[in-house]
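Below: the structure, in structure tokens.
The values are calculated or read from the model by the stated rules, or taken from the named source; none is laboratory data. Treat the numbers as computed from the prediction; the structure is a model and nothing was measured. Glycine gets a Cβ as well: all are built from the backbone with ideal geometry, and neighbour counts include every protein chain shown.
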Amino acid sequence: MSARYLGGHPSDAGGLVMSVRRAAGAGMRALQIMTAPPTYYNEKVSVKPDKAARFREALAEAGIEPRHVIAHGAYVLNTASPEELKAARAASGLAKELERCTVLGIAGCCFHPGSAGDSDPGEACDRVGDAIVRALQAVPESASGTRVLIENTAGAGRTMGRSAAEVARMLARVPAPLRHRTGYGLDTCHLFASGHDIAGSPEAQRAALDEFERATGERPAFLHLNDSQHPFGSNKDRHAWIGEGSIGVEPFRWLLADPRSEGIPLLLETPNERAETADDDATPDPADVRMMRLLESLLAI
């Protein structure tokens, strides 16, 4: 089987360098990070060049290529919001996220589009697309090719991005000269919870991935590998350890065999076993190690 880059989102207690070291300890070849606290807009938070240099040095030591690193945007960024001030702050936060990721030299930043509230869903999708455009226009393209990536959602309430059509409309808002700097990724828990049958059969799973590829014109730029605490179509975003949720193990074997999982970050976002991690403790979370070994076993021919 061709290259599959398995990784996760280790604790960043002690900073990004410690996150990289924990990833290396678990045998990860891909990584997800947070560039700033996820419960704030972070419109004014920057990454200093010396911090970025230390981060890249740590990646090199760990054998993790920057093109296999994704940052997750803040959870409060509601770019779909009909509230003008809230949408504007979210767009500014997204632009600053792209700036930080560009300084770090990583593959991209992913974000949840947010909720339409009481507004028209189509118009909400357009607002998300406009926020992406604003970010791309504010941050010059770099040699690292850092991209802004939409993450599909579980579809709770009025959240946008649950369907291929919604993600495609957001991306269609981006002008052609900027389009290569954006894209999307898929979360398995979110797919399952939003009613995409990725666990019924290999054929059903391929059909779900085909739907997104056909609508957007491209393959996903990353995959989040999470089981689901809740049943199919629940619209609830609650991750579980692989094999201990409603999706089960086999669908992940099918997914890792799909050509669309080749060459992109395949990232665990499953729960930690440790409640807390000391800043100077570089050892990986036991659950991360267990999940990595499970995924590696699914790759065995």
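Any idea which residue in segment 174-205 is surrounded by the fewest Cβ atoms within 10 Å (Cβ to Cβ), counting only those that are of a type in the set (D, E, K, R) and over 18 Å from residue 265 (Cβ atoms)?
Ranking the qualifying residues of segment 174-205, first place goes to 203.
Pairs, please: C-beta under 8 Å, at least 6 apart or cross-chain, first residue within 14 Å of residue 141 (Cα to Cα) and in segment 98-119, second crowded, with 20+ Cβ neighbours inside 10 Å and among the aromatic types (Phe, Trp, Tyr)?
Listed pairs, sorted by first residue: 104/55; 107/222; 108/222.
Is at least one residue of segment 238-257 modelled with pLDDT of 95 or more, within 14 Å of residue 155 (Cα to Cα) and over 18 Å from the mean Cα position of the chain (by Cα)?
no
Cβ contacts < 6 Å: first residue crowded, with 22+ Cβ neighbours inside 10 Å, restricted to segment 150-164; second residue basic (Lys, Arg), any location; separation 6+ or different chain. Result?
153/162; 155/162
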